[in-house]
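Report on one structure; see the data block that follows.
The values are calculated or read from the model by the stated rules, or taken from the named source; none is laboratory data. All figures in this text were calculated on a predicted structure; none of them were measured in a lab. A quick note on method: Cβ atoms are made from the backbone with ideal geometry, for glycine too, and the neighbour counts reach across all protein chains shown.
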Amino acid sequence: MEGIVSESLVSAAPIVEPRLGATVYGDGSVLKLSGALLATAAVPSKRRELIELLFLLLDLARVNVQQRLGAITLRFLKGGFDRAELLDALAAGMRRRVVTEHSFPNQHLLSRHEFRNRFEVHRAGEKLTLWRINPSGSKRLTLVHVLLQHDKVRASVMDALLSLVGITTVISGRQREIEIALQPNRLSKWALLEVIESALAEALPLGRRTKTNFKLRPALIRANLVLAPIADYVFPPLGWASAAVITTLGAGHLGPAVARWKQKRTGLDLLYACICFCTLSTFTFLPSALMYALLQFWPKQSQKIRQENEANFLARLRRLPRKVLVDQAGKLAEVNRQDLKPGDVVILKKGDVAPGDGTIISGEATLHEGILTGSSSSATKTEGGYIYATTEIIEGDIQVRIGTGETLANRLTELYTAAFARPDDDSHALRLAEMLVTPIILAGVAALGRGGLHMTKAVMRPDFLCGPSVVEEFGDLWVVLHAAERGIVVLDTGVLDPIFRADYWIFDDTVTWQLAEANEDLLRSFKSAGREIVFLSDGGSKQI
């Protein structure tokens, strides 16, 4: 066995008998090989040959290679093998001539620095892949890949996943993981793998290591969080290092605090400066270290959650089928959605999603288009009716002639993207925090007489800003999404206040309103408030 491996994998081995250890684990489904010979065989220039030789074993499911340690772990689809059987099968595979038999998308990644010392290859049908797909029940999957540690690569892959019909939610999990929720029997594992391999290939330039600007404040906050518990509980002399960090963090607030004090005003900068003084005076650092860490953590976490929710929402407007059934002169043909042309006739059945806007030329179907129209109930459409891209067929069969021009879903995506990207220059949470500074400082002064600096420091804590900030962040998002479910595009939540304080309201009564009673109630409420209602149909205005 050892001679075979040496002859097959190492072209210029020294004249020394190589040693190759082999251990079988569990129920005989795991074989671990180790030895200096394997470290040589797993160098980047020989990895493809090594992988192909190993996967000649038909029952092999996964290979984990640790090149620096010279260790390879083989996991088989089924157990029941003993050590002799596995080694015999491996030896037989090694005797075969190395011929590339498996398709291996993105195999060039094995030469990247992320795979320098360790990599894992999985069998995916007739192909090999660096992706690991772990099922979590019938409706959830966890996708694992080393390159997902790059934020831009992760974002690109998540964007590709969100466009797939059958995927309902995509969540960023651990550093190298993405969790997805999907509808049963709507998307095969192999189709999913094809999409994420393509998305990864397109995103690879984004994953290159780039120089990042060093930010002093976050680094100091992390250092403070590490030093503080050691200085307080283990090695007190280290407190001088924590004191230096706290002084550096507080120094940035001193200038703005003095400037506002000269204007006879207080603010968060003054509160930070006071906390810095109390911390240095008491020489206890852990409470302030936690405070600084939380003030940095929660805004980042809320922004991350908001961005993921925005992406999942926008994905509802971009979920289109990869392939569609087209009627070509009486013959049915399956074509890629990108190859559709205006005027093509598409066959849609139960569970299908419309690939574009178009007109129904035959058939009848019940469908759901609430994200586009605002209707909370399903709609039934027949010949002559109009159907929008991303609409899902609930019941029935129809033939749709694809139209020309931009789809409604694309237009709404642009509007929502613009709304989500618009910066918020007016933070209610920040204003609230600024208003509370003076009462907090007064409470701290009062606490000084009762319990000294320690009680003062406990009172003067600006982490009360975290809660309002998180509520504000998700409150605005909720308004936009809640309105979207009703077919209303809110480009800026800041316009809602002046809208509800407006003196004039314009209603388009040239179209049929779906919820007549609700709209009558709305009009009556405006009447009671003395609002003037302008109707488009008569070009004038009338009081109700």
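Assorted remarks:
- Any hit, the range 337-357, residues being in contact with a helix residue (DSSP H, G or I) (Cβ under 9 Å, 6 or more places away or on another chain), among the acidic types (Asp, Glu) and crowded, with 19+ Cβ neighbours inside 10 Å: yes
- The strands (runs of 3 or more DSSP E) located wholly in the range 122-217 include none with 3 or more residues which are out of contact with any strand residue (DSSP E or B) (no Cβ under 7 Å at 6 or more places or on another chain), touching a residue at least 60 places away in the same chain (Cβ under 8 Å) and in the same structural domain as residue 252 (by TED's automatic domain parsing).
- Counted residues, the range 168-190 - those being in contact with an Asp or Glu (Cβ under 9 Å, 6 or more places away or on another chain) and of a type outside the set (Gly, Ala, Ser): 3
- Flag if residue 365 is crowded, with 16+ Cβ neighbours inside 10 Å and assigned to a helix (DSSP H, G or I): no
- Look at the range 104-119: where a residue is touching a residue at least 24 places away in the same chain (Cβ under 8 Å) and a partner is exposed (fewer than 15 other Cβ atoms within 10 Å of the Cβ) and hydrophobic (A, V, I, L, M, F, W, C), sitting 6+ places away or on another chain with Cβ atoms under 7 Å, you get 106/201.
- For the range 32-75, residues that are closer than 21 Å to residue 129 by Cβ and touching a residue at least 40 places away in the same chain (Cβ under 8 Å) total 22.
- The residues of the range 103-121 that are surrounded by fewer than 17 Cβ atoms within 10 Å (Cβ to Cβ) and touching a strand residue (DSSP E or B) at 6+ places or on another chain (Cβ under 6 Å), listed by number, are 103, 118.
- Test: residue in the range 203-220 that is within 30 Å of residue 108 (Cα to Cα), modelled with pLDDT of 75 or more and surrounded by 11 or more Cβ atoms within 10 Å (Cβ to Cβ): yes
- Residue in the range 249-267 that is within 30 Å of residue 193 (Cα to Cα) and either assigned to a helix (DSSP H, G or I) or touching a Pro at 6+ places or on another chain (Cβ under 6 Å) (or both) present: no
- Residue within the range 396-407 that is free of Cβ contacts under 8 Å to residues at least 12 places away in the same chain and closer than 21 Å to residue 164 by Cα present: yes
- With respect to the conditions (1) farther than 19 Å from residue 164 by Cα; (2) modelled with pLDDT of 80 or more; (3) among the polar types (S, T, N, Q); (4) under 26 Å from the mean Cα position of the chain (by Cα), residue 380 lacks only one, and its number is (4).
- Selection of the range 122-145 for residues being crowded, with 19+ Cβ neighbours inside 10 Å and modelled with pLDDT under 85 yields an empty set.
Every residue, every condition in (1) surrounded by fewer than 18 Cβ atoms within 10 Å (Cβ to Cβ); (2) of a type in the set (A, V, I, L, M); (3) within 36 Å of the chain's Cα centre (by Cα), yes or no:
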| site | (1), (2), (3) |
| --- | --- |
| 262 | yes, no, no |
| 291 | no, yes, yes |
| 298 | yes, no, yes |
| 308 | yes, no, yes |
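Results for (1) touching a residue at least 40 places away in the same chain (Cβ under 8 Å); (2) closer than 18 Å to residue 411 by Cα; (3) of a type in the set (Lys, Arg), shown as yes or no for each residue.
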position: 358; (1), (2), (3): yes, yes, no
position: 364; (1), (2), (3): no, no, no
position: 369; (1), (2), (3): no, yes, no
position: 372; (1), (2), (3): yes, yes, no
position: 378; (1), (2), (3): no, no, no
position: 382; (1), (2), (3): no, no, no
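- Within the range 221-232, the set of residues being under 15 Å from residue 283 (Cβ atoms) and free of Cβ contacts under 8 Å to residues at least 24 places away in the same chain comprises 230 only.
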